[in-house]
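One structure follows; several queries about it will come next.
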Amino acid sequence: MALLEVENLKIEARKDDGTPIPIVKGVSFEVKAGEVVALIGESGSGKTTISLASLAYTKPGLEFCGGEVRLHGEDLLTMEPLKQRDLRGQKVAYLAQSAAATFNPAITIGEQVTESAVLHGILTQEEATKRAEELYVALELPDPDRLGSRYPHQVSGGQLQRLMAAMALVGKPDLLVLDEPTTALDVTTQIEVLKAFKKVIREQGSAAIYVTHDLAVVAQIADHIVVLYSGEVQEQGPVDQIINNPSHDYTRRLMAAVRPTPTAGMSDDDDHGHGRAEAAIAARGITAGYGGIVDGEPAITILRDINVEVERGDVVGVIGESGCGKSTLARVMAGLLPSARGEIVLNGKTLEPALEDRDRDELRQVQFVFQMADTALNPRQYIGDILGRPVEFYLGLKGEDKRRRVLELLDMVELPPAFADRYPAELSGGQKQRINLARALAGNPEVLLCDEVTSALDSIVGANVIKLLTNLRNKTGVSFVFISHDLSTVGSFADKIVVLYAGRVVEQGPTDQVLSPPYHPYTRLLITSVPELRVGWLEDTMKTREAAAGIARGVEITAVGCPFFNRCPIAIPGTCQLETPPVRMHGDGHEIACHHSLDEVEHSEAETQKVLHGYEKAIVDDDSAIKA
C-alpha cells in the first residue's frame, strides 16, 4: 500500500461575493515508501499548494473542497485539528524554498534544528542534539561538532539549505515535502545537496514529495513525476518515461526551457555601440571583508586584490559558489560595504568607499537590484509609491510628472499601468522582480548591480526576465554586473565572465573564451556541474568527479597560495599552496590565475576528457553486459 494517497484533491479560493475560484482541480497521485515523487510545473501551477495538503494545510484564503489525502490509510483532511498538529513535524516534515526566511536570525542553529523533535516529544534534547550532529555529517556540513552553536548568518546559503534538511529529518518523519530546496543554490552546492538528500532519503527509508520547476534536477532525484499546469495533472509516470518519452505538449515545453550546458557561442557578441572610451565602473585592487578593519586588513577577509572592469553598455557576469564573495563585491561597488584597500572608479572618477560619503548623483548612477523581491519591496506600499519615491529623490519630479515617469517605468519592464495601484502581494514572483528592476531604473542609472535576480524564478519566468534585461540594455545603454550561480544564464547574457573562488578572481575574460578550453580547473568544475536532462547524470558525475578530480572538499579562504589547491585535480604540491598563482594572459582580455602554463592546462583538459570518455564507455559496456 502507498504511504501517501492523494485522490481527486480539490482546493478553491473565494471572491469577495463568495463565488468559488478553483485552484486545484481533482489531482490524484500516490507516494510509496522510499520513493521520491516530483511535482513539476511553472509558477502558479499549484505545486506548493498540493504538496502542503500532505500536512493537511492550506494557505490563507484557500480551502479544501473535495477529495482525500491519506497517510497510512488515514484521511488527513478530516482529522481533528490537534491530531493534524501532531502530524506536522512528526510524520510529515516540510522544507521551504527560502532557508534564509525559515531560520530565526536571533537563535542558534542547534536550537532551531532540534526544536521540533524535542517539542513533539520524539527525542530528548540530548538525543536530538546527537541526531542533529549525525545529520550534519551525513549532509556533509563543515565542523559538525560546533556547527550548532553558530547563528544562521554565520553559514553560507548552501549550508543553510542543508541545515533546513537536517531540521526536517531530526524527528525521522515518514514523508518529506521538499519545496524547491535547490533552486537558489549554485551548481556545485546543488550537486552536494541533491546527493545528500538522495543518500539520506534512501538510508532513512523516508518518502518524499519534491516540488520544482527544474526537470534536469528532477531527473537526478525522482522516481515518479507528476506534471502540473493550472492546478491540473497534465501527465504522470516513471521518471524515465516522462523525461525520454513525454506525451503532453506542456511537458515538452518545460523541457525546452531546461537550461543548456554552458558552451561557447551562447552570448550575443555584437558591439552594443554605447562607447568604450573608459570603463563604466571598475574595481581596482579591492580587498574587503567584515568585522571591522585592523591595520588596513578586514578582521574577516572575503575579497582579496580584486580587479574587474565593466565597459559601457556591457554585461559582466560574476560566477562562483556560495560564499565566494560575489555579493560582497557588489556591496563594495554600491558602497554598502567599504573596502579595506583598493578603489571603485565610476566613469573615471574614484568613489568614496562608504555609501554615506557619496553624493546623490553618484548614488543615482549605481543601483542595486536585490535577489529576493519579496523582501525588497515594502508590502504596505502601492507599486506606484514604491517606484515614485526614487523618481522624486533622484530626479526631483513631483505630481503629474512623477506619475508619468512611474508609468514609463512600468512600460519599460513590460507591465500594464494598472499595476501602479496594486500592492506587491497582488503580483507573481516574476512580476515583483520586474518592479524590483523598475525601481532600480527610476533614476536613469549608469550601472545596475543584479544580485541573483533570477535564482528564485522558474525557468520560463527567469528566461523572460533575462530577455527583458537584454532589451533594457539595448534601449538604455545601462551596464550590468550580473551576479549569478547559473552558468547557462550568464553564458547566454554576459559579454564577459568573472570567475570568483574563495574571494579571488581565478579567471576572467570574454564569455566565449572563458567557456572554451583552456580554462581554470575551477571553471571546468562549474561547467561540468550543470545538471543534464538525463537520468543517472548525478551518480555518473559524482563518480567521475571523484575519479578524475577528487574535488568533493570544502572551500578554504587562504591568505597565501592558490585557494583552490585542496580541490584541484592538477595541483602542484609545494608550489600551489605556498605561492600566489601568476595571472596568465590568453588572448584579448582573457586572464587565468594558475601556476600551470596554458599548454599544461589545455593538456590536463584533454586528459580529463579521456578519463570521462573512458568512464562513459565503461558505463555503456556495463549496461550492455547487464542487458545481455
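Pairs please, first residue from region 416-439 and of a type in the set (D, E), second anywhere and crowded, with 21+ Cβ neighbours inside 10 Å, Cβ atoms under 8 Å, 6+ apart in sequence or on different chains.
Taking only residues 6 or more apart or on different chains, the pairs are D421/I383.
Which members of region 87-105 meet the condition of being surrounded by 14 or more Cβ atoms within 10 Å (Cβ to Cβ) and outside any loop (DSSP other than H, G, I, E, B)?
L87, R88, G89, Q90, V92, A93, Y94, L95, A99, A100, T102
Residues V406, V413: which one is at pLDDT 95 or above and β-branched (V, I, T)?
Just one listed residue meets the conditions, V406.
If you don't mind, another one. In region 46-69, what residues are buried (at least 20 other Cβ atoms within 10 Å of the Cβ) and assigned to a strand (DSSP E or B)?
If the condition is that a residue be buried (at least 20 other Cβ atoms within 10 Å of the Cβ) and assigned to a strand (DSSP E or B), then V69 is the only one that fits.
From the set of residues in region 549-592 that are modelled with pLDDT under 90 and acidic (D, E), which is farthest from A502 (Cα to Cα)?
This residue is D588.
In addition: Would you call E35 closer than 27 Å to I460 by Cα and surrounded by 16 or more Cβ atoms within 10 Å (Cβ to Cβ)?
no
Something else now. All but one of (1) among the small types (G, A, S); (2) under 25 Å from L351 (Cα atoms); (3) at pLDDT 95 or above hold for A440; which doesn't?
(3)
Please enumerate the residues belonging to region 1-23 that are of a type in the set (A, V, I, L, M), under 14 Å from G61 (Cα atoms) and either in contact (Cβ under 8 Å) with a residue 24 or more places away in the chain or not assigned by TED's automatic domain parsing to the domain that holds L62 (or both).
I11, A13, I23
Could you tell me whether any residue of region 380-395 is free of Cβ contacts under 8 Å to residues at least 40 places away in the same chain and part of a loop (DSSP other than H, G, I, E, B)?
No, there is no match, as no residue in region 380-395 is free of Cβ contacts under 8 Å to residues at least 40 places away in the same chain and part of a loop (DSSP other than H, G, I, E, B).
Among the residues of region 583-595, write down those that are in a loop (DSSP other than H, G, I, E, B), in contact with a helix residue (DSSP H, G or I) (Cβ under 7 Å, 6 or more places away or on another chain) and either free of Cβ contacts under 8 Å to residues at least 40 places away in the same chain or crowded, with 17+ Cβ neighbours inside 10 Å (or both).
Scanning region 583-595 gives H586, H590, C594.
So how many residues does region 137-166 have that are assigned to a helix (DSSP H, G or I) and either within 23 Å of H485 (Cβ to Cβ) or of a type in the set (V, I, T) (or both)?
15
This table checks each residue for (1) touching a Gly at 6+ places or on another chain (Cβ under 8 Å); (2) surrounded by 17 or more Cβ atoms within 10 Å (Cβ to Cβ); (3) over 20 Å from C450 (Cα atoms).
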position	(1), (2), (3)
D314	no, yes, no
I319	no, yes, no
C324	yes, yes, no
L329	no, yes, no
S339	no, yes, no
G342	yes, yes, yes
T350	no, no, yes
L355	yes, no, no
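Additional query: Closer than 26 Å to V461 by Cα, among the aromatic types (F, W, Y) and modelled with pLDDT under 90, is that true of Y250?
The answer is yes for Y250.
Restricting attention to strands (runs of 3 or more DSSP E) lying wholly within region 177-249, give those where 1 or more residues are touching a residue at least 12 places away in the same chain (Cβ under 8 Å), crowded, with 24+ Cβ neighbours inside 10 Å and touching a helix residue (DSSP H, G or I) at 6+ places or on another chain (Cβ under 8 Å).
207-212, 224-229
The values are calculated or read from the model by the stated rules, or taken from the named source; none is laboratory data. All values reported here derive from a predicted model rather than from experimental measurement. Virtual Cβ from ideal backbone geometry, glycine too; neighbours counted across all protein chains shown.
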